[in-house]
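Below: one structure, written as C-alpha cells.
The values are calculated or read from the model by the stated rules, or taken from the named source; none is laboratory data. What you see is a predicted model; the values in this text were computed from it and never measured. Positions of Cβ are generated from backbone atoms using ideal geometry, with glycine treated the same way; all protein chains shown enter the neighbour counts. Protein only, heavy atoms only, side chains kept; ligands, DNA and RNA dropped before computing areas. Shrake-Rupley method; radii C 1.70, N 1.55, O 1.52, S 1.80 Å.
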There are 4 protein chains.
Amino acid sequence: MTDAPKQIAVCGDGDPGTPHAEAARIAGRLIAEAGAVLLTGGMTGVMEAASEGARAAGGLVAAVLPGSDVSSVVAPAQVRIATGAGEARNVILVRSADAVVAIGGAYGTLSEIAVARKLGIPVFGYRTWKATSPARAGQLVEACATIEDAVARALAGG
Amino acid sequence: MTDAPKQIAVCGDGDPGTPHAEAARIAGRLIAEAGAVLLTGGMTGVMEAASEGARAAGGLVAAVLPGSDVSSVVAPAQVRIATGAGEARNVILVRSADAVVAIGGAYGTLSEIAVARKLGIPVFGYRTWKATSPARAGQLVEACATIEDAVARALAGG
Amino acid sequence: MTDAPKQIAVCGDGDPGTPHAEAARIAGRLIAEAGAVLLTGGMTGVMEAASEGARAAGGLVAAVLPGSDVSSVVAPAQVRIATGAGEARNVILVRSADAVVAIGGAYGTLSEIAVARKLGIPVFGYRTWKATSPARAGQLVEACATIEDAVARALAGG
Amino acid sequence: MTDAPKQIAVCGDGDPGTPHAEAARIAGRLIAEAGAVLLTGGMTGVMEAASEGARAAGGLVAAVLPGSDVSSVVAPAQVRIATGAGEARNVILVRSADAVVAIGGAYGTLSEIAVARKLGIPVFGYRTWKATSPARAGQLVEACATIEDAVARALAGG
C-alpha cells in the first residue's frame with residue numbers, strides 16, 4: 001500500500017472543557033491540509049476538537065471508539081470503528097498511527113504515549129506528560145513548544 | 001453523528017484465488033456508488049476484490065486488519081486500522097457495520113456471521129453458510145440470489 | 001511450560017434456563033476429575049453449570065469474561081479475567097483452549113466453533129450447530145452422542 | 001462471587017536480566033501466602049520471577065499473555081490466557097486485578113500504571129515510574145520503600 005496516506009493520531013484528554021481545544025483544532029486542520037488521515041479516539045475534548053479542525057479543512061477522519069456501537073461517536077468522522085475494547089482501544093489507535101501527537105495530560109493519554117514508546121512509534125507532545133523511571137532515562141515524548149511544531153514533526157517523522 | 005455515512009462490511013474468504021472475486025468487486029462498487037463506507041478485513045481474496053471495486057468507483061474504504069502493523073494491509077484502503085487482535089478483529093469489523101454482506105464461506109466468515117447475528121446486525125449472504133442448531137430455527141443469513149440484491153438490501157436495511 | 005495442565009473450554013448458550021445444564025455440569029466434573037483447567041465465559045447457563053460441576057469436583061476454573069469488571073462474573077471461578085472485549089472474548093477463550101466442548105447452540109457458541117475451526121483447535125459438539133457452505137465440506141464439529149464422549153475426546157485429542 | 005480470592009497483578013519489565021527479580025519473587029510469594037491469585041503477563045523478567053515466587057509457595061498463578069498461543073508462556077502458571085492482543089493485553093491484565101504492584105520501569109509497565117489510574121485501580125510502586133503533567137498533580141503511583149510494603153498495601157487496599 002505504497003500510496004496510502006499517512007495516519008496521524010491526535011491523543012489528549014476527553015474533558016469537554018479541555019483548555020487544549022484550540023490547539024487540537026489546529027492540529028486537526030494541519031493534518032488534513034497535509035493530506036494525512038486523522039485518527040482519534042472519537043469522543044469529546046481534544047478528540048472532538050481535532051476532528052472538527054480536520055473536517056472543516058476537508059480532511060479524512062477515523063474515530064477509533066472505545067465503545068461497542070458506532071453510535072457512541074461524538075467527534076465528526078467519516079469512518080467509525082467500534083472496537084468495543086474500552087481502554088484497550090488506545091492500543092489499537094496508537095499502533096495504527098505513523099506518529100502520535102499528544103496534547104495535554106490525563107491518564108488515557110499517558111497510556112497512549114507509553115504504548116507508542118513501547119512500539120517505537122514517535123510521539124510529539126504539547127503540554128503533556130513528563131515521566132522518569134530508574135530504568136528509562138531521556139524524554140518520555142519529543143516535547144514541542146507549539147502545536148504547529150508538533151504536527152510538522154509528526155508529519156515529517158512519522 | 002446523524003450525517004455520517006453508512007458503513008457496510010463485506011466479509012468473505014481470504015483465498016487469493018477465491019471464486020467470488022467478481023461478486024466482491026461488484027459489491028464494493030455498489031457500496032461506493034451509494035456513498036457508503038466499505039469496511040473489510042483488509043487482506044486478500046474477497047476483501048481485496050471488494051476494496052478494489054470500491055476504490056475504482058471513488059469510494060471510501062477502511063481496512064480493519066488482524067495484524068498489529070498497518071503495513072500488513074493488502075487491500076487498497078484510505079484508512080487502515082491495525083487491531084492487532086488476530087481473529088478477534090472479526091468482531092470489531094462486524095460491530096462497526098450497519099449491515100454485513102457475506103460472500104462465500106470459510107470459517108472466518110462463519111464467525112463474522114455468528115457475531116453479527118448475536119449482535120442483531122443484519123447479514124445478507126451470497127453463496128455462503130447455512131447452519132442449523134437444535135436451539136435456533138430459521139435462516140442463518142438472509143440468503144440472496146444475486147450479489148446486487150445482497151448489497152441493495154444491506155444498504156436499505158442496515 | 002511442559003507441566004502445565006490442559007485447558008478445556010466449555011462453550012454453550014447463556015440462557016439461565018438452558019436445557020443443557022445437566023450435560024454442562026457433567027462436562028465440568030469430568031474435566032476437573034481429569035486434572036484439566038476448565039475455561040468458560042463466566043456467565044449464566046452452560047457456563048455456570050459447567051463451572052459448578054468442576055468446582056464441586058475440586059477443579060480449577062477460569063472465567064474469561066466479556067465485561068470490563070471481574071465483579072460481572074456469575075459462574076464460580078478461582079480466576080476471573082475481565083477481557084472487556086464483549087463478543088471478542090469468545091476468541092480469547094477459544095484460543096486459550098487445547099480443545100473446545102460445544103454444548104447447545106446459540107450464536108455466540110457458533111462464533112466460538114467457527115473461530116476454533118479457523119485456528120485448528122478441535123471442537124467436540126453435543127447437540128450443537130451443524131453448518132455447511134459451498135466452500136467447506138465435512139462436519140462443522142466432531143458430533144458426539146453423549147457429553148461423556150465429547151469430554152473424553154476433548155481430553156484425549158486436545 | 002463473594003468468596004472468590006483477590007487478584008493482584010504484578011507488573012514490571014520483561015528483561016530476563018532485570019535487577020528486580022528478587023523483589024518480584026518476594027511479591028509473588030507474599031501474594032500466594034495471602035491466598036490471593038497472582039496475575040502476570042506471563043513472560044520473562046519480573047513476570048517470570050513473580051510467578052516462580054508464587055508457585056514455590058503453592059499459589060495460584062494466571063498468565064495473561066500477549067500472544068495468540070498458550071505455548072508462548074514463559075512464566076510458570078496453572079492458567080494461561082492467550083489474549084492475542086499484543087500490548088492491549090496490558091489492559092486486560094490490569095482491569096482483572098483488585099490492585100497492581102508495579103516493579104521497575106519500562107514502557108509497558110508505564111502503560112499498565114496509566115490504565116490502572118484511569119480505571120481507578122490502586123497501584124503500589126516499587127522503584128518504578130514517576131510522572132507529572134500540567135493536568136494531573138500528585139503521585140503517579142503509591143510509592144513504597146520496600147516490596148513487602150507494596151504487596152501488603154495491595155492486599156489490604158485492593
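Of note:
- Selected residue (criterion: surrounded by the fewest Cβ atoms within 10 Å (Cβ to Cβ)) from residues of segment C:122-140 that are under 27 Å from residue C:5 (Cα atoms) and more than 11 Å from chain B (Cβ to nearest Cβ): C:122
- Qualifying residue in segment D:29-39 (condition: crowded, with 23+ Cβ neighbours inside 10 Å, modelled with pLDDT of 95 or more and not aliphatic (A, V, I, L, M)): no
- Here is the figure for segment B:55-68: residues that are within 20 Å of residue A:118 (Cβ to Cβ) and either hydroxyl-bearing (Ser, Thr, Tyr) or assigned to a helix (DSSP H, G or I) (or both) total 1.
- Qualifying residue in segment C:82-90 (condition: touching a residue at least 40 places away in the same chain (Cβ under 8 Å) and in contact with a Cys (Cβ under 9 Å, 6 or more places away or on another chain)): yes
- Test: residue C:43 is closer than 30 Å to residue A:65 by Cβ, away from chain B (no Cβ under 14 Å), touching a residue at least 24 places away in the same chain (Cβ under 8 Å) and among the hydrophobic types (A, V, I, L, M, F, W, C): no
- Subset of segment B:1-28 that is of a type in the set (Val, Ile, Thr) and outside any strand (DSSP E or B) - its residue that is surrounded by the most Cβ atoms within 10 Å (Cβ to Cβ): B:18
- Screening residue C:146 with (1) closer than 20 Å to residue B:132 by Cβ; (2) open to solvent by 30 Å² or more (accessible area, probe 1.4 Å) gives one miss only, at (1).
- Odd one out for residue A:52, checked against (1) outside any loop (DSSP other than H, G, I, E, B); (2) within 18 Å of residue B:80 (Cα to Cα): (2)
- Residue in segment B:20-39 that is free of Cβ contacts under 8 Å to residues at least 24 places away in the same chain and either within 14 Å of chain C (Cβ to nearest Cβ) or within 15 Å of the chain's Cα centre (by Cα) (or both) present: no
- Within segment D:146-158, residues that are assigned to a helix (DSSP H, G or I) sit with their Cβ atoms under 8 Å from residues that are among the basic types (Lys, Arg) and open to solvent by 10 Å² or more (accessible area, probe 1.4 Å), at 6+ positions apart or across chains, in these pairs: D:155/D:6.
- Any hit, segment B:138-154, residues being within 12 Å of the chain's Cα centre (by Cα) and under 30 Å from residue A:95 (Cβ atoms): yes
- Tally, over segment B:78-92, of residues that are part of a helix (DSSP H, G or I) and either of a type in the set (Gly, Ala, Ser) or within 14 Å of the chain's Cα centre (by Cα) (or both): 6
- Annotation: residue C:116 fulfils all but one of (1) open to solvent by 10 Å² or more (accessible area, probe 1.4 Å); (2) within 12 Å of chain B (Cβ to nearest Cβ); (3) closer than 22 Å to residue B:87 by Cβ; the unmet one is (1).
- Some residue of segment A:69-77 being of a type outside the set (A, V, I, L, M, F, W, C), assigned to a loop (DSSP other than H, G, I, E, B) and surrounded by fewer than 24 Cβ atoms within 10 Å (Cβ to Cβ): yes
- Number of the exception - residue D:43 against (1) part of a loop (DSSP other than H, G, I, E, B); (2) more than 15 Å from residue A:118 (Cβ to Cβ); (3) open to solvent by 10 Å² or more (accessible area, probe 1.4 Å): (2)
- Comparison of A:133, A:51, A:72, A:68 shows that the only residue that is at pLDDT below 95, more than 18 Å from residue B:68 (Cα to Cα) and hydroxyl-bearing (Ser, Thr, Tyr) is A:133.
- Per-region count, segment C:47-65, residues within 12 Å of residue C:25 (Cβ to Cβ) and open to solvent by 10 Å² or more (accessible area, probe 1.4 Å): 6
- Counting only residues that are in contact (Cβ under 8 Å) with a residue 12 or more places away in the chain, assigned to a loop (DSSP other than H, G, I, E, B) and not aliphatic (A, V, I, L, M), segment A:93-139 holds 8 of them.
- Considering segment A:93-107, the residues that are open to solvent by 10 Å² or more (accessible area, probe 1.4 Å) and at the interface with chain D (Cβ under 10 Å from one of its Cβ atoms) include one that is farthest from residue A:47 (Cα to Cα), namely A:95.
- Within segment B:71-86, the set of residues being touching a helix residue (DSSP H, G or I) at 6+ places or on another chain (Cβ under 8 Å) and either within 14 Å of chain D (Cβ to nearest Cβ) or hydrophobic (A, V, I, L, M, F, W, C) (or both) comprises B:74, B:75, B:77, B:81, B:82, B:83, B:84, B:85, B:86.
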